[in-house]
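Contents: one structure, followed by commentary.
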Amino acid sequence: MSTPAPARALSAARTTATAARVLRQLRHDPRTVGLMILIPCLMLFLLRYVFDGSARTFDSIGASLLGIFPLITMFLVTSIATLRERTSGTLERLLAMPLGKGDLIAGYALAFGALAIVQSALATGLAVWFLGLDVTGSPWLLLLVALLDALLGTALGLFVSAFAASEFQAVQFMPAVIFPQLLLCGLFTSREAMHPVLETLSDVLPMSYAVDGMNEVLKHTDMTTAFVRDTLIVAACALLVLTLGAATLKRRTA
Amino acid sequence: MMNFSSRPTEEPAVHAQDLTVVRGPRTVLRGLGFTVPRGQVTGLLGPSGCGKSTLMRAVVGTQAKVSGTLDVLGHPAGHPTLRTRVGYVTQAPSVYDDLTVRQNLDYFAAILDPGRAAADRRREDVTRAIADVDLTTHTDALAGNLSGGQRNRVSLAVALLGTPELLVLDEPTVGLDPVLRRDLWQLFHTLAAERDTTLLISSHVMDEAERCHRLLLMRDGEILADDTPDALRTRTGSETVEAAFLHLVDRAAAQARTKETTR
């Protein structure tokens, strides 16, 4: 090797190599990819006929779920994938190499983000064109929020994987981290109608803004300031948690 | 004070002084001092649990709570510039089971030597590393479908990428059949002789000690001896390194007993 590039905080080549590697791993696991892509579609389909008599309810819950699915799937996939990376020793090996922590995280975010785009595009397309989801705004904005949600899920999954010693524990973080947000995000009842304490709590949980953002697109033709605020909050949360996740990657471990 | 064999002017590949490592409540390494000369095969031998892996992790820079002096290739262990110069193989193979042998190596090569301009160099490097560990016929097999020994060799091939100056190998021949073990030791000596690589190889199998240029004998977080196999045998009047090791252990135990009784 003549002149190996030094390890910088973020190297485009190493990030894309990592993303390509993650996607290559997924390609050897078509069942996981199939499940990730088909299940949201199936759930939306189910939901449409659960609310057969009330199309309005399907509109609001359907739009919210379009934001929640990518968050949950990416959370699960990332937490297990990074846990495997930690337990198999490949993380230790990578961190002994000139790989920046940012490269690894950005690589994962890029790969799972690409998968999330496919997942969200299919689910949104199905909901809007085949199941009659009545969106006032542009479906592209729905897709944008879905993508940010996926990033948030990736970030949360990466972060909690540091606190899981086994796959069993990692899976248990799903109900611990995701369910409270699911209950408080305004999916079941509007956030204003909750107990004031819970309402405040829901104000600081990122999923609330993901769902709010989806509902803004549902009700308004153009980008409202509320929509911009919601998406910015979700994006900022994703970035913050990704940074926290990077801090859990240690080159030196006991 | 030390005899660095052929090149006395050159600094050693690894130099440790008063090296101590604490893991939880235990002190795993206790004030070690040793050197690993360049371009040679140094064996790190001792029973399981004596601290061999911790010592290797400290050299590679992945071990936390290390105190004392530990210089590797002229830099403090774990220094960023060492990340391309030191190859490391853990005891358990650290490769991606859901990638093929070549895909594994392609990825790690891209981390070591990134960029499109280096693509040709990387391809050669990967092909050579696979040939080095004799897995050319399994290039496109999924790592997860290989046998334990084969996966170990994939892990070793990753460490050979980029021609590192120092290779730290944690029990690389465990669970391999005699033919493969002989072949791998031949490879280690070729690396030292032809590519001028320094190798630090741990093992708990004493007969492998005879194949090393130098030996570090470890027990209970301490180094019992730092010498050549010949010198060790002569010094202890033993036939084999194993006997020499036992002799040293007994002597250390006897010394400890006299210390106890005189106290």
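The values are calculated or read from the model by the stated rules, or taken from the named source; none is laboratory data. Every value quoted in this text rests on a predicted model; they were computed, and no experiment measured them. Glycine also receives a Cβ, built like all others from the backbone with ideal geometry; neighbour counts cover every protein chain displayed. Quick note on the areas: whole protein, heavy atoms, side chains included, nothing else; ligands and nucleic acids left out. Shrake-Rupley method; radii C 1.70, N 1.55, O 1.52, S 1.80 Å.
So here's what we get for this one:
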| quantity | calculated |
| --- | --- |
| Residues in the stretch A:71-108 occluded by at least 20 Å² - accessible area, probe radius 1.4 Å, against chain by itself | A:R84, A:S88, A:T90, A:E92, A:R93, A:L94, A:A96, A:M97, A:P98 |
| Per-residue SASA entry for A:V177, accessible area with 1.4 Å probe, Å² rounded to 10 | 30 Å² |
| Point-to-point label distance, B:S67-B:R195, nm (Cα→Cβ direction, 7 Å offset) | 3.8 nm |
| Cβ-defined net charge surrounding B:S94, 10 Å radius [Lys, Arg +1; Asp, Glu -1] | 0 |
| Buried area at the A-B interface (accessible, heavy atoms, 1.4 Å probe, summed, Å²) | 3100 Å² |
| Alpha-carbon centroids, the stretch A:211-234 and the stretch A:159-173: separation in whole Å | 32 Å |
| Residue-count net charge about B:D134 - beta-carbon cut-off 10 Å; Lys, Arg +1, Asp, Glu -1 | -1 |
| Percent accessible area from carbon and sulfur atoms, the stretch B:51-126, protein chains only, probe 1.4 Å | 49 percent |
| Relative contact order of the stretch B:130-255, defined on C-alpha pairs under 8 angstrom at six or more residues apart (%) | 16 percent |
| For B:R235, net neighbour charge (Lys/Arg +1, Asp/Glu -1) across residues whose Cβ lies under 15 Å away | -3 |
| ³J(HN,Hα) computed for each position of the stretch B:236-248 - Karplus, 6.51 cos²θ - 1.76 cosθ + 1.60, integer Hz, glycine/proline x | 9, x, 10, 7, 10, 5, 4, 5, 4, 4, 4, 4, 5 |
| Segments B:155-161, B:227-233 sorted - mean Cβ within 10 Å per residue, highest first | B:155-161, B:227-233 |
| The protein assembly as shown: projected area of the alpha-carbon convex hull, averaged over directions, in nm² | 29.9 nm² |
| Per-residue HN-Hα couplings for the stretch B:194-204 [Karplus 6.51, -1.76, 1.60; θ = phi - 60°; Hz; x = Gly/Pro] | 9, 9, 6, 7, 8, 10, 10, 10, 9, 7, 10 |
| Amide H contacts of B:M218 (H built 1.01 Å from N, under 5 Å, at least 5 apart or other chain) | B:L45, B:G46, B:L224 |
| Mean accessible surface per residue for the stretch B:57-147, computed with a 1.4 Å probe while every protein chain stays in place, in Å² | 41 Å² |
| Inter-chain shielding of B:98-109 (mean C-beta neighbours from other protein chains, 10 Å cut-off) | 4 |
| Calculated log₁₀ intensity ratio I(q)/I(0) where the Debye formula runs over C-alpha points of chain B, q = 0.16, 0.17 Å⁻¹ | -1.26, -1.39 |
| Rel. contact order, % - alpha carbon contacts under 8 angstrom, at least six apart, chain A | 27 percent |
| Cα-projected label distance for A:R229 with B:D230, points at 7 Å along beta-carbon direction, nm | 8.2 nm |
| Whole-number percent relative contact order across the stretch A:1-140, with pairs defined as alpha carbons under 8 Å at least 6 apart | 46 percent |
| Longest DSSP-loop-exposure-free segment, trypsin sites (Lys or Arg not before Pro), chain A, at most 14 other Cβ within 10 Å | A:9-249 |
| Table column - 3J(HN,Hα) (Hz), the stretch A:139-154, Karplus curve with 6.51, -1.76, 1.60, x for Gly and Pro | x, 4, 5, 4, 5, 4, 4, 4, 5, 5, 4, 4, 5, 4, x, 4 |
